[in-house]
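I have placed the structure first, in the form of structure tokens, so that the comments after it can refer back to it.
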Amino acid sequence: MSKKKIARDAKDRESVEIVAPPVDRRKRHIDGIKKTAVSSVLGIASGVICYYLLSPSQDMDRFSYLLLIVAFYVQKPIYMNMGMDVNQFTWKDWFFVLFMTVTFWFVSWTLLLN
């Protein structure tokens, strides 16, 4: 390659690079703790509500699923009020939130039923 082409390629790369703000590892860590805590608390709360509102003899399993869905969807405004940027959440973040909520709901409700 000629020197002119190398210089032009280097100049093009410099103009194309976008300077992204550095990712604060501490903030990401704190946001992860917030995600875990909120989803866990809402999962436990929905399990306790299902236990007290539904007796084992009732056939209202749809209500328990509805309560679980509400517990999942109410988390987005909670995260926004906590100062987290929910637009930056990836599918893995939302899957983690859903998994934690469902797991804590199931475990807490099962433990209370026994």
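For this structure, a couple of remarks:
- Number of the exception - LEU42 against (1) at pLDDT 90 or above; (2) farther than 21 Å from LEU111 by Cβ: (2)
- Filter pass, LEU68 being modelled with pLDDT under 95, surrounded by 12 or more Cβ atoms within 10 Å (Cβ to Cβ), over 16 Å from the mean Cα position of the chain (by Cα) and of a type outside the set (Phe, Trp, Tyr): no
- Taking the range 71-88 as the range and being surrounded by 11 or more Cβ atoms within 10 Å (Cβ to Cβ) and either over 11 Å from LYS35 (Cα atoms) or among the small types (Gly, Ala, Ser) (or both) as the test, the residues that pass are ALA71, PHE72, VAL74, MET80.
The values are calculated or read from the model by the stated rules, or taken from the named source; none is laboratory data. Just so we're clear, the structure is a prediction, and the values are computed from it rather than from any experiment. Positions of Cβ are backbone-derived with ideal geometry, glycine not excepted, and every protein chain shown enters the neighbour counts.
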